[in-house]
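The values are calculated or read from the model by the stated rules, or taken from the named source; none is laboratory data. These numbers were taken from a predicted model, which means no experiment stands behind them. Cβ placement follows ideal geometry from the backbone for every residue including glycine, while neighbour counts extend to all protein chains displayed. Each accessible area value is taken on the protein alone, full model and side chains, heavy atoms only, with ligands, DNA and RNA left out. Shrake-Rupley method; radii C 1.70, N 1.55, O 1.52, S 1.80 Å.
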Amino acid sequence: MVRFFVPEAELAGSFLVLTGENAAHGKVLRLKAGDEVTVCDGMGTECRCTVSDMSPGQISLVIHDRLASRSEARVQVRIFMAYPKGDKLEHVIQKATELGAAEILAFPSQRCVSRPDARSLEKKLERWQRIAAAAAEQSGRGRIPRVSVLPSYAAALQAAAEADVPVLFYENERARTLSATLHGSYTTVSLMTGPEGGLTPEEVEQAQQAGLHICSLGARILRCETAPLCALSAVMFAAGEF
């Protein structure tokens with residue numbers, strides 16, 4: 001079923017009018033009166049609606065019922081990724097959204113080559129959030145993951161440590177595996193990965209002191225854009241999402 005996202009306040013009544021990009025998208029899809037669509041608030045609630053009227057620049061809908069999205073994962077996973085080079089983060093945002101991530105956060109670390117300034121970050125954040133919204137729409141999500149940036153590695157550690165299971169992946173870790181760490185009862189997981197050059201031993205020590213579990217992702221060294229998606233897939237499998 002066709003899916004649209006609108007601000008939460010617009011779903012308060014029994015009727016809804018889609019405008020702007022949503023209306024343009026509906027026109028491309030050749031919606032007509034009587035067609036059923038799903039409209040989400042991006043926060044986990046979705047509505048079953050029927051098109052009542054099509055006019056230039058807008059689509060009128062009748063809202064029939066509201067329910068919690070059934071496509072959201074039972075475990076909330078936040079991805080913490082050190083700034084990578086190029087557009088690799090865009091790829092991770094898109095795929096992590098499809099896989100069910102709750103939030104994607106970028107942060108600087110010692111070996112980051114990419115260090116965007118405040119002006120470029122503002123534009124990048126807008127683009128990254130649009131990528132997450134498009135991926136959420138395409139994959140049938142009821143929630144759009146928030147994409148944000150953190151000012152420092154220390155801030156990233158502090159935020160990641162809030163999860164029931166906070167994990168940092170380090171290529172030189174040999175003993176502890178992710179499967180050994182995902183045990184007991186938990187509803188929130190943080191997954192932290194480094195940049196192309198990896199994290200320094202000092203940064204790994206900082207993470208351990210902050211309460212993060214230092215884990216391996218296997219005998220093979222993964223690219224910085226592969227590691228978070230691999231880890232996220234493993235967590236979703238362990239949580240019974242696949």
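Structure above, values below:
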read-out	value
Set Lys27/Lys123; Lys95/Lys123; Lys88/Lys124 screened for pairs whose C-alpha atoms are more than 18 Å apart	Lys27/Lys123; Lys95/Lys123
Surface accessible to a 1.4 Å probe, per residue, for the residues of the stretch 106-242, Å²	51
Heavy-atom accessible area per residue - the stretch 15-105, 1.4 Å, Å²	49
Share of Cα-Cα pairs in the stretch 1-133 lying beyond 25 Å, as whole percent	41
Of all accessible heavy-atom area on the chain, the percent that carbon and sulfur account for (1.4 Å)	50
Once the Cα gyration tensor of the chain is diagonalised, semi-axes √(5λ) in Å	38, 19, 14
Whole-number percent relative contact order across the chain, with pairs defined as alpha carbons under 8 Å at least 6 apart	20
Gap separating the Cα centres of the stretch 152-167 and the stretch 55-108, nearest whole Å	20
Rounded Å value of the spacing that divides the Cα centres of the stretch 6-47 and the stretch 168-211	40
Summed side-chain charge close to Arg127 - residues other than Arg127 whose Cβ falls under 15 Å, Lys, Arg +1, Asp, Glu -1	+1
